[in-house]
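I have placed the structure first, in the form of structure tokens, so that the comments after it can refer back to it.
Just so it is clear, none of the values below were taken in a lab; they were calculated from the coordinates. Every value quoted in this text rests on a predicted model; they were computed, and no experiment measured them. Every residue, glycine among them, receives a Cβ derived from its backbone with ideal geometry; neighbour counts consider all protein chains shown.
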Amino acid sequence: MILKQYLSKSIRVLIPHYFSEHCQVWKHPSPKDSGLNIPKHIEIENFKEGQEFAVEGATIRILRSPGHTDDHVAFHLLEDNAVFSGDCILGDGVAVCEDLFDQVHSLGEIASLRPSVVYPGHGNIIHNPIETIHFYMQHQMQRERMIIEFLINNKSQSFNNEDLVKLVYENLPEKQVKAALTSINHHLLKLLKEDRVRNSNGKWQINDIQLVASY
């Protein structure tokens, strides 16, 4: 009965990013897909940074937060200064991401709001959002420092991803190697965007600019 009542009205469902698990209600394809038809009764609207949706007593502002995916957004509930973080910040553990450079920037943007609470897409409600975001940042920077220090100490050499996993992550169990390769690649691509490392034919080396900054 409730379902029929709601389905008889025009409603909007806000989704933080395209993912099949988020879209099972109507099974529409990603806007990235081509050659597939979205059901005519469903209108897909792409979010814009700062766009607002309001109902009585509540205003949601769109906050672009790429990193987990390139189309990820968070939702800022203005009246309570609360953030619905989607998969950018999790209630348990650290979120995986496609682009670590963007993810770190997005975490900084959310932290700048000084939210009172964060409602994550997965896990427990976060009542200490600033501390949680700082934990995320410190976790990422710890790995980054390990990579940078290793490359500085071996500045005359270059290494591929597999080399770095073996040398930076010492005594890593074999079952964790695949995840470590993904992690180290995210860090290296972030450092490349920041011009702190360089890549030639798939091998990584510290950038001269980073060397100067380190001494």
Exercise. Could you run through the stretch 120-168 and say how many residues are among the acidic types (Asp, Glu) and in contact with a His (Cβ under 6 Å, 6 or more places away or on another chain)?
Key: 1
Quiz prompt | Number of positions in the stretch 76-96 that are out of contact with any Ser or Thr (no Cβ under 8 Å at 6 or more places or on another chain) and either surrounded by 18 or more Cβ atoms within 10 Å (Cβ to Cβ) or in a strand (DSSP E or B) (or both) | solution = 5
Quiz item: Just one of LYS155, LYS193 is in contact (Cβ under 8 Å) with a residue 40 or more places away in the chain and over 22 Å from the mean Cα position of the chain (by Cα); which is it?
Solution: LYS155
